[in-house]
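J.: Dumping the structure here so I can ask a few things about it.
The numbers here are math on the coordinates, done by the rules we state, and not lab data. These numbers were taken from a predicted model, which means no experiment stands behind them. Because the Cβ atoms are built from the backbone with ideal geometry, glycine has one as well, and the counts that use them run over all protein chains shown.
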Amino acid sequence: MSERRRRCLHGCGSPGPCCDRAGERLDEAHPRPQVPANRGTFTWADAVTHGRTGHCDEAAALLAAGEEALGGLPWWRRLLHTVVLDAAITDGWGDPVPTVRADLAVHEQVGDVLLARTCRDLLRRAGAPAPRNRGITVREAEVLGLVAEGLTDVQVAERQLLSPRTVDTHVANLLAKAGRPGPDPAAYLGG
């Protein structure tokens with residue numbers, strides 16, 4: 001049997017650490033993934049691998065290449081971006097803070113409370129200030145998201161490991177901040 005030449009997932013073919021590890025390379029005979037979502041995902045996987053092995057410049061370049069591949073696929077980008085930015089913050093490569101801030105703004109704009117919370121957590125871990133969402137606390141945003149899904153105060157309390165009284169206080173604060181005396185704090189999202 002002849003030994004086949006191998007390369008890393010993004011195809012750099014370099015003798016770097018990503019190309020020396022069998023679990024992180026593709027056989028030359030296997031065509032590179034051509035679906036943009038796969039290409040972007042594999043490129044970001046290589047960015048994480050390069051960053052974890054100390055090849056920071058290559059990792060940053062691969063992050064940018066993955067951005068380009070996933071540019072027309074906002075759902076995939078939003079889903080995967082926090083994972084890659086988490087690795088960049090953890091391993092100390094690239095400049096992820098401006099990108100996390102931009103992602104936070106998008107997540108808040110579309111009302112994705114969980115991804116916005118993840119971005120705030122990433123900013124805190126990076127040592128950057130994490131802005132609050134629309135003047136509400138992170139916990140209020142979490143409660144708001146669950147109430148908007150139709151959960152009762154007791155169900156929210158169970159999920160968030162809070163007392164029902166604390167949830168009631170968060171809901172009252174949301175109503176006060178919204179300037180609405182009604183029972184629907186989710187209306188706060190509407191302005």
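J.: Counting other beta carbons within 10 Å of each residue's own, what order do 81, 55 fall into, fewest first? Kindly include the intermediate steps, with their values, before the conclusion.
T.: Numbers: 81 26, 55 20.
Fewest-to-most Cβ neighbours within 10 Å comes out as 55, 81.
J.: I need the shape label for the stretch 50-162. Rule: rounded when a/c is under 1.5, else prolate if a/b > b/c, else oblate, with a, b, c from the alpha carbon gyration tensor. Intermediate values should be presented prior to the final figure.
T.: Values: a/c = 2.50, a/b = 1.98, b/c = 1.26.
The shape class here is prolate.
J.: Subtract the Cα-Cα distance of residue 158 and residue 173 from 0.36 nm times their separation in residues, and report this length gain in nm to one decimal.
T.: Details: separation 15, 0.36 × 15 = 5.40 nm, distance 1.94 nm.
Gain on stretching residue 158 to residue 173: 3.5 nm.
J.: GluC sites (Glu not before Pro), restricted to the stretch 67-163: which are DSSP loop and have at most 12 other Cβ atoms within 10 Å? Write down the numbers at each step before the final one.
T.: On the way: sites: 67, 68, 108, 140, 142, 149, 158; in loops: 149.
When the GluC sites (Glu not before Pro) of the stretch 67-163 are filtered for loop state and at most 12 Cβ neighbours within 10 Å, 149 remain.
J.: Let me ask something else. Where does each of 82, 43 land when they are ranked from fewest to most other beta-carbon atoms within 10 angstrom?
T.: Fewest to most other Cβ atoms nearby, the residues stand as 82, 43.
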